[in-house]
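Q: Dropping the structure in here first, questions after.
Readers should treat all values here as calculations from the given coordinates under stated rules, not as data from a laboratory. Since we're looking at a predicted model, the values are computed, not measured. Cβ coordinates were reconstructed from backbone atoms using ideal geometry, including for glycine residues, and neighbour counts include every protein chain displayed.
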Amino acid sequence: MRTWFLSSEYPECPAERGYFHVIPVPLERTVSYGSGTAAGPHAILEASAQLETIVESYGEPGALGIHTTEPIDCTSDAIATVFASIARRIGHAWSLQAIPILLGGEHSITNGAIAAIAACHPPGEVGILQFDAHMDLRHAYEGTVHSHGSVMRRALEKGIRLHQVGIRNYSVEELEARSIHGVTYHDASQLNRLRHTQEHFSSLALPQDFPGKLYVSFDVDGFDAALMSATGTPDPGGFGWWEAVELLERLTEGRTIIGADIVELAPQSHLHHCDYTVAKLTYFLIALIARRDRSLHDHTSS
Ligand SMILES: [Mn+2]
């Protein structure tokens, strides 16, 4: 059945009027542990009907117009075909001056965004801000270069700068890739140490020379497993809700966000708070993106 983001609060918004394009991507192909990500986008859209229109201290971002597209067809045997469809959908959003927000699906869907960034933006203009428990920097994982476990390696190969937040799992191969490609990071252990200091997260920022335009890729396993157990690999030691909010605010300060994905929700019927948490995160990101948009600020202040 046709549904859309915040269907309880707003009528369906056509593509041309959408400041945001929410793009469901029910891809589940290279999942390595728990399964169920194909049901993620629909569960997020359903849970969004429980949201209120106001985001505390951000106003009502939904009033800008949130268009929900048809889901990306993920049935093709060739996963590269799926990535190409995602890239085209993102390019279409940008051509309408809209901000694409992908709802996953497994993390490999970011491959579509990487292709779109490389096709539509000059090298060095866009950096990826990744929230995740894992680096996803393997050359290949379980025999495929298209895996969720190697998606950020593909970004590095395209020369896209990467900053990682919340990482707490390490392999030799990924640590090497990190250092060779100059990936910057705030790992979960660093964040934990900061938690116990007086300044807390107040001094956190992206490196000064990091690109001014950001694509945010949020793997929900970055959250602590206590909050986010409905995901393929729930992992202890992650951030909580308010920490995620503060990290997003601090690390995007002074920059523009050109798109985002929220991936790896694997809904479970007895854990519907997870679906709701991801819907709420999606709406918070929408609010943050609107705040970070300079053209919008100029428009509203005139
Ligand atoms: Mn990931």
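Q: Considering (1) out of contact with any Pro (no Cβ under 6 Å at 6 or more places or on another chain); (2) away from the ligand (no atom under 16 Å from the Cβ), say which one residue 264 fails and leave the rest.
A: For residue 264, the exception is condition (2).
Q: Looking at (1) among the aromatic types (Phe, Trp, Tyr); (2) surrounded by fewer than 21 Cβ atoms within 10 Å (Cβ to Cβ); (3) under 18 Å from the mean Cα position of the chain (by Cα), can you tell me which one residue 20 breaks?
A: It fails just one condition, (2).
Q: Restricting to the range 208-234, what's the tally of residues that are surrounded by fewer than 21 Cβ atoms within 10 Å (Cβ to Cβ) and within 14 Å of the ligand (Cβ to nearest atom)?
A: Matching residues across the range 208-234 total 1.
Q: Sticking with this structure for a sec: Search the range 142-164 for residues that are free of Cβ contacts under 8 Å to residues at least 40 places away in the same chain and pair each with any residue that is more than 15 Å from the ligand (Cβ to nearest atom) and part of a helix (DSSP H, G or I) when their beta-carbon atoms are under 8 Å apart and the residues are at least 6 apart or on different chains.
A: 156/181; 162/181
Q: In the range 120-139, what residues are assigned to a strand (DSSP E or B) and within 16 Å of the ligand (Cβ to nearest atom)?
A: 128, 129, 130, 131 - these are the residues of the range 120-139 that are assigned to a strand (DSSP E or B) and within 16 Å of the ligand (Cβ to nearest atom).
Q: Then there's this: So if I check each of 118, 93, which one is surrounded by fewer than 20 Cβ atoms within 10 Å (Cβ to Cβ) and over 14 Å from the mean Cα position of the chain (by Cα)?
A: After ruling out the rest, the residue left standing is 118.
Q: A follow-up question, please. Within the range 122-137, identify whether any single residue is closer than 23 Å to residue 231 by Cβ, surrounded by fewer than 23 Cβ atoms within 10 Å (Cβ to Cβ) and touching a helix residue (DSSP H, G or I) at 6+ places or on another chain (Cβ under 7 Å), and answer yes or no.
A: no
Q: Tally the residues that are of a type in the set (D, E, K, R), in a helix (DSSP H, G or I) and under 14 Å from the mean Cα position of the chain (by Cα), restricting the search to the range 264-298.
A: 1
Q: Then there is this: Could you tell me whether the range 250-263 includes any residue that is over 28 Å from residue 89 (Cβ atoms) and in a helix (DSSP H, G or I)?
A: yes
Q: May I ask you to list the residues in the range 212-233 that are touching a residue at least 40 places away in the same chain (Cβ under 8 Å) and more than 17 Å from the chain's Cα centre (by Cα)?
A: Passing the criteria: 212, 227, 229.
Q: Could you count how many residues in the range 140-172 are within 18 Å of residue 27 (Cβ to Cβ) and within 11 Å of the ligand (Cβ to nearest atom)?
A: Within the range 140-172, residues that are within 18 Å of residue 27 (Cβ to Cβ) and within 11 Å of the ligand (Cβ to nearest atom) number 7.
Q: Mind listing just one residue for me: the one in the range 60-76 that is touching a residue at least 12 places away in the same chain (Cβ under 8 Å) and in a helix (DSSP H, G or I) and, of those, farthest from the chain's Cα centre (by Cα)?
A: For the range 60-76, the residue satisfying everything is 64.
Q: Out of contact with any Leu (no Cβ under 6 Å at 6 or more places or on another chain), under 23 Å from residue 19 (Cα atoms) and surrounded by fewer than 23 Cβ atoms within 10 Å (Cβ to Cβ), is that true of residue 140?
A: In short, no.
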